[in-house]
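Readers should treat all values here as calculations from the given coordinates under stated rules, not as data from a laboratory. Keep in mind the model is a prediction, meaning the values are calculated, not measured. Cβ placement follows ideal geometry from the backbone for every residue including glycine, while neighbour counts extend to all protein chains displayed.
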Amino acid sequence: MAAKTEETNIILDFIKSLAWPIFGIILLVCFWTSLHDIASLIPNLLRRAESITISKLAIRMSHSVIDNTSPEVRQVLAELESIDITNILSQPYEGTVYVTDEWNLAMWRRLSGLRLVTELSGEEVRKYNSTNNVKVVGIFQINPLFVQTRNVLVSFTGELISEAKASLDKEEKSKPKE
């Protein structure tokens, strides 16, 4: 009788040692498609694991953009308002901006506060007004930080369009054919 109990215990131990691996294989087989789909997303997630905050919105961007974005530009991007983004994207990369109205003057002074542009002195404005037909209320010099910030915003716009196109293409391919 003792031999049968010992033999039964050995068989039970053998079954116990196989239970978890068999259970794992069953789960793997049952969820193979879902696990495969998740695994195929990992390279894309890793490639886009970084984000930048633009106007209080965290946005994932490619490493090529992230790696070329200085901490100073990141800080500026986080502080931008939507009107600032519109203003930055509608301006040239470099040079001087001549402001002719008070509303735009306030907008450019805000960008000056972000260190994107430098406001020239009132004396410079008076000197300009004395020699030109168009009267200005402010003159701003575009700084390198403005150019860097604008480049990131342009890159983001390009990435956004690429992602939207890829999403639409994927959606088209997944539609059933009639």
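Between the C-alpha center of segment 128-174 and that of segment 65-114 there is a gap of 9 Å. Distances between placed amide hydrogens fall under 5 Å for VAL117 paired with SER112, ASN143, all partners being 5 or more residues away or on another chain.
Distance between the modelled labels on VAL134 and LEU89, one decimal in nanometres: 2.4 nm (7 Å Cα→Cβ projection).
If the chain linking PHE14 and ALA166 were pulled fully straight, counting 0.36 nm for each residue of separation and taking away their Cα-Cα distance, it would gain 49.5 nm. Derived scalar couplings between HN and Hα for segment 146-152 equal 4, 4, 5, 5, 4, 4, 5 Hz in order, rounded to whole Hz, by the Karplus curve 6.51 cos²θ - 1.76 cosθ + 1.60 (θ = phi - 60°), x for Gly and Pro.
Shown in residue order for segment 77-86 are the 3J(HN,Hα) couplings computed by the Karplus curve 6.51 cos²θ - 1.76 cosθ + 1.60 at θ = phi - 60°: 4, 5, 8, 6, 9, 4, 5, 5, 4, 4 Hz (x for Gly and Pro).
The trypsin sites (Lys or Arg not before Pro) of segment 89-167 that meet both conditions, a loop assignment by DSSP and at most 11 other Cβ atoms within 10 Å of the site Cβ, are LYS135.
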